[in-house]
Amino acid sequence: MKSFLSSFAARSAGMLGTWVKIPSLETVELLGHAGFDFVVIDMEHAPHGLDTAYRLIFAAQACGMAALVRLPDQGGSDVQRLLDGGADGLLVPRVDSPETARRITRQMVFSPRGERGLGTTSRAGRWGLIPIDDYVRRGNDECLRMVQLEDWETLHQAADYLALPDVGGVFVGLGDLFLSSGRPATDPEVQALVAAVCKAAADAGKLCGIAAGSPQEARRYLDLGYSLVMVSNDATLFGKAARATVAETLRQA
């Protein structure tokens, strides 16, 4: 199983992904056929339980995509099982302090460096068929640990989060930033901050991610140098395509 981080290191440009909101293997398969590099299975804003997330991880990877999972919260109760389920990385939502980032990412790293327990007889360990050293190395060095910074103050402190040894990257949350600051993504100060976070990640040698609502916006972030760019989500993509088909059909009547 080729790791997400090694796949990224082999590329010269950012990777394109989308959110998985629909609990459907067929939808994930279609995203793979469409050419997405990765998906993020959303346990925060979609009705995915652990069993569903596990199957979606398998489906995404079987279709040639990397499978990241956004945790439902900062509690960390699902961290061990999602990583042992073979997730290529985890996103932690609404992180608002370096202490929170340090605590949750320690749960993603094996002892003695962190707090994750050994579970080689899992999918991540190929059910006990790979050496323990390989299982531990993948968990410690090849799985992405990314924290979402979603308000004005934390985004200005991105360098502090990127300096934490177990944080592999930061993700800009423009939606919650708008709620807390009233500033839309198009605001010049927001765009300046978006660029500053990207530079801070590059200076730290770590990844940065962001979500876009349109292909045009996504292209701007890729050109800016963002490592991971999300565009739309499976439900919205399907909904817009269905609505456009209905509208086009009725116009022909």
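Laboratory data are not the source of any read-out in this text; all were calculated from the coordinates shown. Keep in mind it's a predicted model, so treat the numbers as computed, not measured. Here Cβ is always computed from backbone atoms with ideal geometry, including for glycine, and neighbour counts include all displayed protein chains.
Summary table
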read-out	value
Qualifying residue in segment 136-143 (condition: over 19 Å from G89 (Cα atoms), of a type outside the set (D, E, K, R), out of contact with any Ser or Thr (no Cβ under 7 Å at 6 or more places or on another chain) and surrounded by fewer than 19 Cβ atoms within 10 Å (Cβ to Cβ))	no
Hits in segment 162-194 - residues which are touching a Leu at 6+ places or on another chain (Cβ under 6 Å), under 23 Å from V39 (Cα atoms) and of a type in the set (A, V, I, L, M)	V170, A185
From the options V39, V95, residue that is touching a residue at least 12 places away in the same chain (Cβ under 8 Å), in a strand (DSSP E or B) and more than 18 Å from G125 (Cα to Cα)	V39
Positions within segment 61-92 being closer than 18 Å to L50 by Cα and either assigned to a loop (DSSP other than H, G, I, E, B) or without any contact (Cβ under 8 Å) to a residue 12 or more places away in the chain (or both), in sequence order	L71, P72, D73, Q74, G75, G76, S77, D78, G85, G86, A87, D88
Evaluation of V147 against (1) out of contact with any helix residue (DSSP H, G or I) (no Cβ under 7 Å at 6 or more places or on another chain); (2) buried (at least 16 other Cβ atoms within 10 Å of the Cβ); (3) not acidic (D, E) (one fails), failing number	(1)
Residue within segment 73-92 that is of a type in the set (V, I, T), touching a strand residue (DSSP E or B) at 6+ places or on another chain (Cβ under 9 Å), buried (at least 19 other Cβ atoms within 10 Å of the Cβ) and over 30 Å from S181 (Cα atoms) present	yes
